[in-house]
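All remarks here apply to the structure that follows.
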Amino acid sequence: MRKVVLVTGASSGIGLALCKRLLEEDDELHLCLACRNMGKAEAVRADLLASQPTVEVSIVQVDVSNLQSVFRASRELKQRFQRLDYVYFNAGIMPNPQLNIRALLSSIFSRNVIHVFSTAEGLLTQQDKVTADGLQEVFATNVFGHFILFRELEPLICHSDHPSQLIWTSSRNANRSNFNLEDIQHSKGQEPYSSSKYATDLLSVALNKNFNRQGLYSSVVCPGTALTNLTYGIVPSLIWTLMLPFIWLFRFFANAFTLTPYNGAEALIWLFHQKPESLSPRTKYMSATTGFGSNYVITQKMDLDEETAEQCYQILLELEKHVRTTIQNSDHQS
Ligand SMILES: NC(=O)c1ccc[n+]([C@@H]2O[C@H](COP(=O)([O-])OP(=O)(O)OC[C@H]3O[C@@H](n4cnc5c(N)ncnc54)[C@H](OP(=O)(O)O)[C@@H]3O)[C@@H](O)[C@H]2O)c1
């Protein structure tokens, strides 16, 4: 039986590179592309099949920032599959990023320069907005939509006799200081992206605690800084191109500059080959690239504690209850 791999955000960047690399590694997979834009998804499917005609590639349409869309996609997946062996929760947004030029310049002359450039800590703010479901968009996309997808797909992912892997694309930018359990959606702050990625890290730890016995193993990865639509939102591609010679030099000191989506997918591919039981729940697996362009994976113990992870999980469960009731009530009224 073919192993089934579901990838959200497979239409570009890291997700697309991941799909190509997965099929290069194992052409017996069934790859399911979970994308919001069907036109893009069809083009990716055609491209993947053109290079490897024997592989099986299907599409499920899902906008993870929209709960109705998540429920509809989950129903479709439950009809199509009995089991998901690997689930990559990779779709993510960083809307309207603003680069703090003053912080950038002062970091260049600080002792922290490598850390700041590798994590973008303190360099980026974003402008968030509220979705039709009344949620903060960054939280809804990067965390909550995926959480609901997980909850709906539990019967396909949790089998005690057969482990499955859930792999979240987090970030080195996940920062404890930007996260607050009392404002889990980060509606009051200016760094919703960092907050959402920290919430992802917490959630992954809590899922391991609650679901390992049921055969579900969750991990978080950081792809490093890779040039994708997401990073082109921070500075335009032309500026990135002009900066490339400096970045290549800097890469001899800072391995986080993976630069290409292919390199960025390294940790995601590495996890695909691991026995999930051997992975450490509190470790972040990070793609890294040497100055000479070789890829490897480094690990980092996450700056979090299990109690906060469980609290975060419980808050998400409460929010889930709330949104389900709201949706049921509005269904009754219409
Ligand atoms: N690039 C980096 O340097 C970097 C660093 C750290 C972490 N990351 C993380 O890596 C992941 C992939 O990002 P990327 O760099 O590859 O950026 P990207 O090229 O912009 O890809 C993002 C993907 O997510 C999809 N997506 C966004 N919102 C969605 C929604 N509401 N519903 C369904 N799909 C949605 C996009 O679909 P469309 O094609 O339809 O827009 C696209 O396929 C993200 O989680 C990001 O936070 C990236």
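Counting only residues that are within 12 Å of Tyr193 (Cα to Cα) and among the aliphatic types (A, V, I, L, M), the stretch 107-122 holds 1 of them. All conditions but one from (1) more than 27 Å from Lys321 (Cβ to Cβ); (2) touching a helix residue (DSSP H, G or I) at 6+ places or on another chain (Cβ under 9 Å) apply to Arg75; the one that does not is (1). Of the residues that sit in the stretch 4-25 and are open to solvent by 10 Å² or more (accessible area, probe 1.4 Å) and under 14 Å from Leu271 (Cβ atoms), which one is nearest to the ligand (Cβ to nearest atom)? Out of the qualifying residues, it is Ile14. Determine if the stretch 240-261 includes at least one residue that is in contact with a Ser or Thr (Cβ under 8 Å, 6 or more places away or on another chain), under 28 Å from Leu135 (Cβ atoms) and among the β-branched types (Val, Ile, Thr). No, there is no match, as no residue in the stretch 240-261 is in contact with a Ser or Thr (Cβ under 8 Å, 6 or more places away or on another chain), under 28 Å from Leu135 (Cβ atoms) and among the β-branched types (Val, Ile, Thr). Here Asn180 fulfils each of the conditions (1) open to solvent by less than 20 Å² (accessible area, probe 1.4 Å); (2) modelled with pLDDT of 90 or more apart from (1).
Checked against (1) more than 27 Å from Lys209 (Cα to Cα); (2) away from the ligand (no atom under 13 Å from the Cβ); (3) part of a helix (DSSP H, G or I), Arg151 meets all criteria but (1).
The residue that is farthest from the ligand (Cβ to nearest atom), among those in the stretch 155-170 that are under 18 Å from the mean Cα position of the chain (by Cα) and not in a strand (DSSP E or B), is Ile157. From the list Ser204, Ser187, Ser195, the lone residue that is at pLDDT 95 or above, over 30 Å from Glu76 (Cβ atoms) and crowded, with 24+ Cβ neighbours inside 10 Å is Ser195. Checking each residue in the stretch 207-230 for being assigned to a helix (DSSP H, G or I) and open to solvent by 40 Å² or more (accessible area, probe 1.4 Å) picks out Lys209, Asn210, Asn212, Arg213, Gln214, Asn229, Leu230.
Looking only at residues in the stretch 31-42 that are within 12 Å of the ligand (Cβ to nearest atom) and buried (at least 23 other Cβ atoms within 10 Å of the Cβ), the one that is farthest from Arg72 (Cα to Cα) is Leu33.
With the structure loaded, tell me whether Gly224 is at negative phi and within 17 Å of the chain's Cα centre (by Cα) or whether it fails that test. It is false that Gly224 is at negative phi and within 17 Å of the chain's Cα centre (by Cα). Checking each residue of the stretch 276-290 against the condition of being farther than 22 Å from His146 by Cα and basic (Lys, Arg) gives no match. From the list Ile247, Ile239, Ile327, Ile298, the one residue that fits, being over 22 Å from Val7 (Cβ atoms) and within 20 Å of the chain's Cα centre (by Cα), is Ile298.
Once the stretch 49-60 is narrowed to residues that are touching a strand residue (DSSP E or B) at 6+ places or on another chain (Cβ under 7 Å) and over 11 Å from Asp27 (Cα atoms), the residue that is nearest to the ligand (Cβ to nearest atom) is Val60.
The values are calculated or read from the model by the stated rules, or taken from the named source; none is laboratory data. Computed from a predicted structure; not experimentally measured. Methodologically, a virtual Cβ is constructed for each residue, glycine included, from the backbone with ideal geometry; neighbour enumeration extends over all protein chains shown. Heavy atoms of the whole protein, side chains included, go into the accessibility calculation; ligands, DNA and RNA do not. Shrake-Rupley method; radii C 1.70, N 1.55, O 1.52, S 1.80 Å.
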